[in-house]
Amino acid sequence: MAALRGAAPAAAPDSAQGSASARLPVAVLISGRGSNMQALVAAARDPRYPAQVALVVSNDPKAAGLAAAAAAGIATAVVPHRDFPSRIAFDEALDRTIRAAGCRLICLAGFMRLLTAGFVEAWRDRMINVHPSLLPSFKGLDTHARALAAGVKLTGCTVHFVRPAMDEGPIIAQAAVAIRPDDDADRLAARVLAAEHRLYPLALRLVAEGRVRIEGERAVVDAPAWPEAALLAPSAA
């Protein structure tokens, strides 16, 4: 099991829902710079936010997000996937590391490893992911280039509960981003990423407050407000 570095393990409730006296302890899994992790950390600086980032884990010891997490006073751990003979062995070590820190929810934030079905089922409805498209469209990689090639006028990002199949699971929240005529994949990616940084903290808040329930394979969200206006692209003739 990877050694924890930094803060002590957080006290944890028994379920994925927090309480008035204890914020939900969350593990954030990253493979790179962890910009969405940093957005979650920033949101959790507010003591009224119902979740806390208790641990940041990476499969890559060189992930830049580890230094950012440590600078924010958050415990970090590295579980190098190359050190394990199989995906199952890696996932078992990852699971032990997360549980040792007392975490009760996992947020995937640019974690570039496919998790085994056993791991996913062990954390069923307690693991969420952000994906840079309006799922179920454009699952997988190269989402922005594929959206441009398809000629869609709206794309965006999605936060969803994780299921064994890639980029599948009940959708918690989405943000739409208009595609401009002069967009390339990099410009579009930057605007979608900015939307992710707003959407992910919102979705985690909803889950931590117990305002998301699963009915079948659909996430039903109890939110105080829903937008009335449609986003049109283009917005004017």
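Things to note:
- The ranking of I214, I128, I171 by Cβ neighbour count inside 10 Å, starting from the fewest, reads I214, I171, I128.
- Among beta bridges identified by DSSP and lying wholly in segment 24-221, the antiparallel ones come to about 45 percent.
- Counted as membrane-span-like here are DSSP H helices of the chain whose alpha-carbon atoms extend 30 Å or more along the helix's own axis and whose Kyte-Doolittle mean is 1.0 or above; there are none.
- Exposure proxy ranking, count of Cβ atoms within 10 Å, fewest first, for H160, H81: H81, H160
- Kirkwood Rh in Å, taken over segment 140-193 so that all alpha-carbon pairs contribute: 12.0
- Here the simple spin-label model places points 7 Å from the Cα toward Cβ, and for L231 and A178 these points are separated by 1.0 nm.
- Taking other C-beta atoms within 10 Å as the exposure proxy, D167, D182, D91 rank D182, D167, D91 from fewest upward.
- Of A109, A203, A39, the one that fluctuates the most in a GNM where the chain has Cα springs shorter than 10 Å: A39
- Normalised per residue, the volume of the convex hull around the Cα set of the chain (Å³): 134
Laboratory data are not the source of any read-out in this text; all were calculated from the coordinates shown. What you see is a predicted model; the values in this text were computed from it and never measured. Note that each Cβ is placed from the backbone with ideal geometry, even for glycine, and that neighbours are counted across all protein chains shown.
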